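K.L.:
My structure is below; once you've seen it, I'll send some questions.
The values are calculated or read from the model by the stated rules, or taken from the named source; none is laboratory data. Just so we're clear, the structure is a prediction, and the values are computed from it rather than from any experiment. Here the Cβ positions follow ideal geometry from the backbone for every residue, glycine too, while neighbour counts run over all protein chains shown.
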Amino acid sequence: MVIDESEKFFPDRLVLRLHTDAFDLRESDELMVSLCREKGLRNATWEELDSSVDVIALELNSEEVARFVLHAFTPIDLISSELVVGVGDPLLVIGYPRGFSDDIHNLPIFRQATVASVYPVPFGGKPYFLIDSDLHPGTSGSPVITQPSLLVAKENESELFEEPQYRLIGIHSASYDDLKLNVVWFADLLSEICERAVSKNR
């Protein structure tokens, strides 16, 4: 979440540390992204479906990010309905547990996880599923990606193994620490949020 009223947490900007050299990972710099056009939440710069979905989209200024090296997920990187994901299938969670990382090269930590609820059935009627992984605070917002070796595609009721490739399956949100279970929002929520933002700005 961007804000937390219970903790009186109302940030006015997001700070991203991004690489500035594609060949020297030691070179990076900070990008400041404003979270509000003016003071007050009604002027928020992010887009969301509603407050119950812990996923947002935030537009970046193309001129400001031009000096950084970015390899962002695109729509074709999102997992499609043709791919079969089963309970117990392996996943990877990319993040900064408790702020820990390779700070010299500005690289995150990859944690292993497995699918813990039937995918893509919305768990409890909400647009997320569960994964089994020992994650820590600071992982919220992390991308969750498939392990390519077990991706299977459906075609005419038959199953075909795909070429090895990663797919974004969701965004980590919260943990049930006593159960080591974690909430992962479906990746296609990103498309819905972006489409809403485009429609509003037309």
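K.L.:
Within the range 60-115, count every residue that is closer than 28 Å to CYS194 by Cα, hydroxyl-bearing (Ser, Thr, Tyr) and surrounded by 16 or more Cβ atoms within 10 Å (Cβ to Cβ).
P.N.:
Going through the range 60-115 one residue at a time, the tally reaches 1.
K.L.:
Something else now. Just to verify a result, which residue in the range 127-141, among those that are part of a strand (DSSP E or B) and in contact with a Phe, Trp or Tyr (Cβ under 9 Å, 6 or more places away or on another chain), is nearest to SER52 (Cα to Cα)?
P.N.:
Going residue by residue through the range 127-141, those that are part of a strand (DSSP E or B) are 128-132.
Next cut, in contact with a Phe, Trp or Tyr (Cβ under 9 Å, 6 or more places away or on another chain) only: 128-130.
Working: TYR128: 12, PHE129: 15, LEU130: 17 Å.
Selected residue: TYR128.
K.L.:
Right, next: Can you tell me how many residues in the range 64-88 are hydroxyl-bearing (Ser, Thr, Tyr) and closer than 27 Å to GLU30 by Cα?
P.N.:
Residues that pass the stated criteria total 1.
K.L.:
Another question about this same structure. Working only within the range 76-126, note down all residues that are farther than 28 Å from LEU18 by Cα and in contact with a Phe, Trp or Tyr (Cβ under 6 Å, 6 or more places away or on another chain).
P.N.:
If the condition is that a residue be farther than 28 Å from LEU18 by Cα and in contact with a Phe, Trp or Tyr (Cβ under 6 Å, 6 or more places away or on another chain), then VAL85, SER117, TYR119, PHE123 are the ones that fit.
K.L.:
Kindly evaluate VAL53 against the criterion of being outside the structural domain of LEU168 (by TED's automatic domain parsing), in contact with a Pro (Cβ under 8 Å, 6 or more places away or on another chain) and under 28 Å from PRO137 (Cβ atoms).
P.N.:
Yes: the conditions hold for VAL53.
K.L.:
Restricting attention to the range 72-108, which residues are in a loop (DSSP other than H, G, I, E, B) and of a type in the set (D, E, K, R)?
P.N.:
Listed by number, the residues that qualify are GLU82, ASP89, ASP103.
Okay, residues lined up against (1) outside any helix (DSSP H, G or I); (2) under 18 Å from the mean Cα position of the chain (by Cα); (3) within 17 Å of ALA187 (Cβ to Cβ):
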| residue | (1), (2), (3) |
| --- | --- |
| GLU30 | yes, no, no |
| VAL33 | yes, yes, no |
| GLU47 | yes, yes, yes |
| SER52 | yes, yes, no |
| LEU60 | yes, yes, no |
| LEU70 | yes, yes, no |
| GLN112 | yes, yes, no |
| TYR119 | yes, yes, yes |
